Amino acid sequence: MNSKDNVSKKTKEKVLRAIEELDYKPSRIARNLANKKSFYNIGLVISKRIDKILKENDSFGIREFYTTVLAGIESLAKENNIQIKLETFDNGNRKLLEGLDGLLIMGGDRLPKLVENSYLPKVLVDNYIPALKVDSVISNGFDGAYYTIKQMISRGYKKIVHIHGPLTYWGFRNRFEGYTAAMTEFGLLPQTFECDETPEGILYALNLSLSKKPDVIFASNDVIALIILNFLKKKKIHVPKDIQLIGFDDIISSSVSEPKLSTVKVFKFEMGNIALNRLIDLINEKNPHPAMISLFTTFIERDSTIRAKN
């Protein structure tokens, strides 16, 4: 009845025939209660990039994004007798999966074959991989970018440029699409500049964008925005008087910068919490069809933008 592989064809036929003769209807509630475990071993698999971020010194706060997501996972784990085992993608040893009930996966635009082909229930955290049809818990970057750019346009600003990270990452691409949709809807030309997340790459993209004489720079995350803010200070360009600046994620550093950074808040703790909760449902065969859970974001206005006049 549970479609397990360790049942012989002959036995399966007998059971199915008895079900039909008795007109048996299984209770989903009873099945979930019977199958529900009281202890879980969960593998948390992170990409090499995120592993490096978590281990390095971080002057701008990108690590804080992931540690907050991890805090959301750990909080639910402590409340529900769940053991978390942290591994990286590079560990190709099959023992990685031994004794696990399910997998949480953070980072990467593709999965290692060992993980992708595993029979274990799995949930992507802060990521979506097209066509993979694996459960995903993400922030709604499209809506956050669209709403924020629309706010700036409604205040009369038309020269809004977008400096973003590599579009191979779902989060950057999602925010890029929201920015582009808002600009296009109001008949404005989207002006986008891709960079890697290094000071050199960001400075190059910033110099290109400044040639467009923008009213507003919208960055695809707070780290990029904060590095831009430092460069603008060195160039004696005042924020927000000369150029307004907006980030994305609402990491702690954005609230203590000078000026304090306007940004789009991603609910990172909730993302981790919801991802683990969804994985437990999958382990217990509750609503097993793959789904994408998208958390809405909120525009947090601080001092790097000029507030609308009432």
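The values are calculated or read from the model by the stated rules, or taken from the named source; none is laboratory data. In this text the structure is predicted, and so the values were computed from the model without any measurement. Virtual Cβ from ideal backbone geometry, glycine too; neighbours counted across all protein chains shown. Only protein heavy atoms, including side chains, enter the accessible area calculation; ligands, DNA and RNA are left aside. Shrake-Rupley method; radii C 1.70, N 1.55, O 1.52, S 1.80 Å.
Which one, 227, 105, 182, projects farthest toward the positive side of the charge dipole computed for the chain from Cβ point charges (K/R +1, D/E -1)?
It is 182, whose Cα lies furthest towards the positive end.
For residue 261, what charge total do you get from the other residues with a beta carbon under 9 Å from its beta carbon, if Lys and Arg give +1 and Asp and Glu give -1?
-1
Output needed: percent of Cα pairs per 10 Å distance bin for the range 234-275, bins running from 0 to the one holding the longest distance.
25, 42, 21, 9, 2
At residue 198 and residue 235, where each label point lies 7 Å from the Cα along Cα→Cβ, what is the point-to-point distance in nanometres?
With each label point 7 Å from Cα toward Cβ, the separation is 2.0 nm.
Using only protein heavy atoms and a 1.4 Å probe, report how much of residue 48 is accessible, in Å² to the nearest 10.
Accessible surface of residue 48 is approximately 140 Å².
Please work out how much length the chain gains when fully extended from residue 293 to residue 110, using 0.36 nm per residue of separation minus the C-alpha to C-alpha distance, in nm with one decimal.
Full extension of this stretch gives 64.0 nm more.
For the range 173-310, calculate the relative contact order in percent as a whole number, restricting contacts to Cα pairs under 8 Å that are 6 or more residues apart.
About 20 percent, as a whole number.
Once label points are set 7 Å from the Cα along Cα→Cβ at both residue 17 and residue 119, what is their separation, rounded to one decimal in nm?
Here the answer is 2.7 nm between the modelled labels.
So what are the ³J(HN,Hα) numbers for the range 295-305, from phi and the Karplus equation (6.51, -1.76, 1.60; θ = phi - 60°), rounded to whole Hz, Gly and Pro as x?
Using θ = phi - 60°, the values come out as 8, 5, 10, 9, 6, 10, 8, 10, 9, 8, 10 Hz.
Just for the range 139-296, what percent of DSSP beta bridges are antiparallel, to the closest 5?
The answer is about 0 percent antiparallel.
Over 20 Å between C-alpha atoms is what I'm after, so list which of 55/78; 48/85; 236/265 land there.
As for pairs spanning more than 20 Å Cα to Cα, those are 55/78; 236/265.
If one puts a single equal scatterer on every Cα of the chain and applies the Debye formula without solvent, what log₁₀ I(q)/I(0) results at q = 0.11, 0.12, 0.16 Å⁻¹?
-0.73, -0.83, -1.25
What is the set of long-range amide H partners of residue 299 at a cut-off below 5 Å, with H atoms built 1.01 Å from backbone N?
265
Could you grab the relative contact order for the chain? Cα pairs under 8 Å, six or more apart, rounded to a whole percent.
21 percent
Given the protein chains as shown and a 1.4 Å probe, how many square angstrom of residue 302 are accessible, to the nearest 10?
40 Å²
Would you mind working out the magnitude of the charge dipole of the chain relative to its Cα centre, with +1 at each Lys and Arg C-beta and -1 at each Asp and Glu C-beta, to the nearest 20 Debye?
So the magnitude is around 260 debye.
Using the alpha-carbon atoms, what tilt in degrees (0 to 90, nearest 10) does helix 170-185 show relative to the longest principal axis of the chain?
So the inclination is approximately 50 degrees.
Taking the range 90-184, which GluC sites (Glu not before Pro) meet the DSSP loop condition and have no more than 14 other C-beta atoms within 10 Å?
Passing sites in the range 90-184 are 98.
Could you list, bin by bin from short to long, the percent of Cα-Cα pairs of the range 91-197 in 5 Å steps?
Computed distribution, short to long bins: 2, 11, 19, 17, 14, 11, 9, 7, 5, 4, 2, 0.
Cross-link list 212/260; 235/260; 159/235; 52/235; 52/113: which exceed 26 angstrom alpha carbon to alpha carbon?
From the list (212/260; 235/260; 159/235; 52/235; 52/113), the Cα-Cα distance tops 26 Å for 52/235.
Ignoring everything but the protein chains, give the 1.4 Å probe accessible area of residue 204 in square angstrom, nearest 10.
Looks like 150 Å² after rounding.
If N is the number of residues in the range 188-310, what value comes out of its Cα radius of gyration divided by 2.2 N^0.38 Å?
1.32
Kindly sort 110, 307, 155 by accessible area of their heavy atoms, largest first, with the probe set to 1.4 Å.
110, 307, 155
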